[in-house]
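Asker: First the structure, which I've put down as structure tokens, then a few questions once you've had a look.
The values are calculated or read from the model by the stated rules, or taken from the named source; none is laboratory data. As the structure is a computational prediction, the values presented were derived from the model and not from experiment. Counting neighbours? That spans all protein chains shown, and the Cβs are built from the backbone with ideal geometry, glycine included. The accessibility values were calculated without ligands, DNA or RNA, using every heavy atom of the protein model including side chains. Shrake-Rupley method; radii C 1.70, N 1.55, O 1.52, S 1.80 Å.
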Amino acid sequence: MISAFLLCALCVKSFLFPRVCHSNHTSYNLFVALSEFRRPYLVCALLLSWSLFLCPPIHAQQQPAQSADKQSAPQTPAQIELLETKVRFETNGDSRKEVHCIVKISSELGVRQFARLNFDYNRSFESIDIPLVRITHPSGGTADILPSAITDNPNPVVVNAPAYQDVRVKSVRILGLAPGDNLEYRVLTTVSHHPLAPDFWLDHSFDRSGVVTEEIFELDLPGHLNSTTRMTGPGNGRLAAIYVGVPWTSRQHSGEGDSARSEYRWEIASTRTLPPAVDDDRVAAPDVIVSSFWGWNRIVERLAPQFLSGTEEDRKEIQDRLIAFAPRAKTPVMMLRASYEFVSQKLRTVDLPVGATGFQIRHAREIFDSGYATPEEKCFLMAKLASLAGSTPEILFAGAPELQKQFPRPTVFNHIFVAVSEKKKRFALDPSVEVAPFGVIPSQFRGKPAFTLTPFDAGDVIYEPWAVLPTDLPFPSSQRVTVDAALADDGKLTAKVHYSMRGDNELLLRVAFHQAPKEKWKDLAQLLSLSDGFRGKVTSVTASDPSATREPFTLDYEITMPKFVDWSKKPVRIPALLPQIGLPDPPAKPSAGAAASPIELGTPLEVETHMTLHLPPGTTVRTPTGTSVQRDYATFASQYSAKGPTIAASRHINFLLREVSAERAADYNAFLRAVQNDGAQDFTLDRKDTSPTEPKPSAPKTPASAQTGPSKP
């Protein structure tokens, strides 16, 4: 199992930080990776078994299928020869799902991958039975796995959260598996009395990786139905719509009235040939969607009471707690800030996926006394506290692209926020990230549509429940890097590096250093230094308190690098010891008939980098030429100088706009080349040989007695 710190370190290494990278996409990749780092059980499960995507809970979103262009290697560690899934829904929301799987183990890697099968579920409304686990050897002999090999334990993420012991993992340990064996198993998942019943939903995507040889999927649904790409409400607890992106093999109707049912069957022999799963708007979507929600407002009706109503007891408890943890907060702004810091930092986050508990919220007293909360519970408390502070809070769910065009169902939600107002400005809060500054959320969510539990009510008309997450941060984004270095006579480099930052990259490093124990900070800084281009050894590191979110996050480390230069080479060329500035790549040429896309610059950001390098006496320097480029979307300037044995360099880039229009691609390319050309410049060093000169040995004198030839008279 990958240790928590190692995973964190790998995540940071894969990101270009501290190499200054102004790309929302890259920032999000690290944020997601760090989010997964907070859930180490997910990493372990993915490494041990492919079975998670084969049999997830009915009410949990399945992982989207891989795209057709990502073909697997011809020889896979294990080939799933048959994947058969049967799902039946009842009008009261109950369901039964049966998965039958036959796997051909091809190598030792396949043995390790299927050495344990893991199935996540919520015991409060789900049950999992595993009636068959059988190994068939090439010789024809069989071995059934005994019930004693099946364990049922709390999910690792809730081990220290007694209130959520119903969130569990049922595991099967497969002993005696070897290459050439066939592994066959059946899994039954039953859902009964789900908190959102009688509504129900399902997403299913067919495998496109080539790992599955044959896939069969059957749906047994209440009512006489036809597939559709539009909602046909209202449903009144009955099925409202089914979206089918892959044509079924067969379909039949049976019964009448309340006993009417529709059955669909898909038989797919080669999933590699399936086109990518997209809906009518060319947005990635599951192949089959079932939903009993007649519209998004129906989901508001089901979820709003959980998050926005609460009891009088909850209101009084929250008010008393606010007075206790923020006795000096007298103004609405102070109350709001103090409330956010308490909920985000003092209550440990039980980082379960959205909806894992059926959207159930504990009472306020229970949450406070336990000292931990799920993301949903943190947002529930934050909304109540914001109301006491005089703000009008809003619970917002983010999720799949083009969320409002998707069929209504909770599986599209993957994140929850609270929107609040402070001094006539609207901010989104994510208290589940324990060290996020007030008003800072991951960049990929900002400015994007979100599902709100408080749709605009015009009296006779209630508008669709959609809002836009705030775009701006509560402070300007900035990064400042200073390097104070010295180069010795023997070519050894020692440097002190200091970072101070606000904004997206600040959030990334706060999370990384918050999750890593202090004794591992040096290892984390070592990886950061490698991304800067230093191959030396970090000897010390200090960082500001990740939870001190009202001030910029700072990081300092010292590094030594022997043989940084070889003075015997004439002349010596070295780059400016500064982080490289990353800029978005120029846009690719659009296909015929397609519109060119704008160039995304991301959140406005100011970056300043400074270097001072002290050289040995007797060193002469030729400095590069500075650069200055001015645009309305960004500015860049660099300066290089030398004074005696000290050289200095600085680069300053300021991103002013969020994007550059496609029509200005040529101008942006010129700006990009100017910045890149400046970064490629070197300092040229020349140093006289100051080593002491050894005297040449004189020729030995020959004794007279040794001389030859005639002697003088």
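Asker: List every residue pair whose Cβ atoms sit under 8 Å apart, with the two residues 6 or more apart in sequence or on different chains, where the first one lies in region 494-517 and is open to solvent by 10 Å² or more (accessible area, probe 1.4 Å) and the second, anywhere, is acidic (Asp, Glu) and outside any strand (DSSP E or B).
Answerer: Listed by first residue and then by second, the contacts come to His514/Glu434.
Asker: Also, quick follow-up: Given the conditions (1) within 30 Å of Ala674 (Cβ to Cβ); (2) polar (S, T, N, Q); (3) surrounded by fewer than 18 Cβ atoms within 10 Å (Cβ to Cβ), report the number of the one that Ser529 does not fulfil.
Answerer: Of everything listed in (1) within 30 Å of Ala674 (Cβ to Cβ); (2) polar (S, T, N, Q); (3) surrounded by fewer than 18 Cβ atoms within 10 Å (Cβ to Cβ), Ser529 misses just condition (3).
Asker: Something else now. Looking for something modelled with pLDDT of 95 or more, within 17 Å of Glu98 (Cα to Cα) and open to solvent by 60 Å² or more (accessible area, probe 1.4 Å) - is there at least one such residue anywhere in region 134-141?
Answerer: Looking through region 134-141, at least one residue is modelled with pLDDT of 95 or more, within 17 Å of Glu98 (Cα to Cα) and open to solvent by 60 Å² or more (accessible area, probe 1.4 Å).
Asker: Hey, another quick one. Do any strands (runs of 3 or more DSSP E) entirely within region 109-167 hold 2 or more residues that are of a type in the set (Ser, Thr, Tyr), and if so, which?
Answerer: The strands (runs of 3 or more DSSP E) meeting that bar are 126-136.
Asker: Can you find, within region 380-424, the residue that is surrounded by the fewest Cβ atoms within 10 Å (Cβ to Cβ) among those that are under 27 Å from Pro195 (Cα atoms) and β-branched (Val, Ile, Thr)?
Answerer: My answer is Thr411.
Asker: Would you mind finding the one in Ser650, Ser661, Ser597 that is among the small types (Gly, Ala, Ser) and either touching a Ser or Thr at 6+ places or on another chain (Cβ under 8 Å) or within 27 Å of Ala436 (Cβ to Cβ) (or both)? Full working, then the answer.
Answerer: Working: Ser661 fails: either touching a Ser or Thr at 6+ places or on another chain (Cβ under 8 Å) or within 27 Å of Ala436 (Cβ to Cβ) (or both); Ser597 fails: either touching a Ser or Thr at 6+ places or on another chain (Cβ under 8 Å) or within 27 Å of Ala436 (Cβ to Cβ) (or both).
None of the other options fit; the residue is Ser650.
Asker: Find the residue count for region 617-643, including only residues that are surrounded by fewer than 17 Cβ atoms within 10 Å (Cβ to Cβ), among the β-branched types (Val, Ile, Thr) and closer than 19 Å to Asp682 by Cβ.
Answerer: 2
Asker: When you scan region 128-148, do you find a residue that is touching a residue at least 12 places away in the same chain (Cβ under 8 Å) and closer than 30 Å to His363 by Cα, even just one?
Answerer: Keep residues of region 128-148 that are touching a residue at least 12 places away in the same chain (Cβ under 8 Å), which gives 128-138, 143-145.
Applying the additional criterion that residues be closer than 30 Å to His363 by Cα yields 128.
The answer is yes, given that some residue of region 128-148 is touching a residue at least 12 places away in the same chain (Cβ under 8 Å) and closer than 30 Å to His363 by Cα.
Asker: Do you know which residues across region 387-420 are without any contact (Cβ under 8 Å) to a residue 40 or more places away in the chain and part of a helix (DSSP H, G or I)?
Answerer: If the condition is that a residue be without any contact (Cβ under 8 Å) to a residue 40 or more places away in the chain and part of a helix (DSSP H, G or I), then Ser387 is the only one that fits.
Asker: Sticking with this structure for a sec: Please specify each residue of region 557-616 satisfying the condition of being without any contact (Cβ under 8 Å) to a residue 40 or more places away in the chain and open to solvent by less than 70 Å² (accessible area, probe 1.4 Å).
Answerer: Listed by number, the residues that qualify are Pro590, Ala594.
Asker: Need the failing condition index for Ala516 against (1) more than 23 Å from the chain's Cα centre (by Cα); (2) farther than 26 Å from Gly679 by Cβ, just the number.
Answerer: Answer for Ala516: the failing condition is (1).
Asker: Which numbered condition trips up Gly371, out of (1) at positive phi; (2) open to solvent by 20 Å² or more (accessible area, probe 1.4 Å); (3) in contact (Cβ under 8 Å) with a residue 40 or more places away in the chain?
Answerer: (3)
Asker: Still on this model: Looking at region 241-268 only, could you name the residues that are modelled with pLDDT of 85 or more, in a loop (DSSP other than H, G, I, E, B), small (Gly, Ala, Ser) and out of contact with any His (no Cβ under 7 Å at 6 or more places or on another chain)?
Answerer: Scanning region 241-268 gives a single hit, Gly255.
Asker: Could you figure out which of (1) open to solvent by 20 Å² or more (accessible area, probe 1.4 Å); (2) aliphatic (A, V, I, L, M); (3) touching a Leu at 6+ places or on another chain (Cβ under 6 Å) isn't true of Leu221?
Answerer: Condition (1) is where Leu221 drops out.
Asker: Look at Phe445 and say whether it is open to solvent by 10 Å² or more (accessible area, probe 1.4 Å), part of a loop (DSSP other than H, G, I, E, B), in contact with a helix residue (DSSP H, G or I) (Cβ under 9 Å, 6 or more places away or on another chain) and closer than 26 Å to Ile653 by Cα.
Answerer: Values: open to solvent by 10 Å² or more (accessible area, probe 1.4 Å): yes; part of a loop (DSSP other than H, G, I, E, B): yes; in contact with a helix residue (DSSP H, G or I) (Cβ under 9 Å, 6 or more places away or on another chain): yes; closer than 26 Å to Ile653 by Cα: yes.
Yes: the conditions hold for Phe445.
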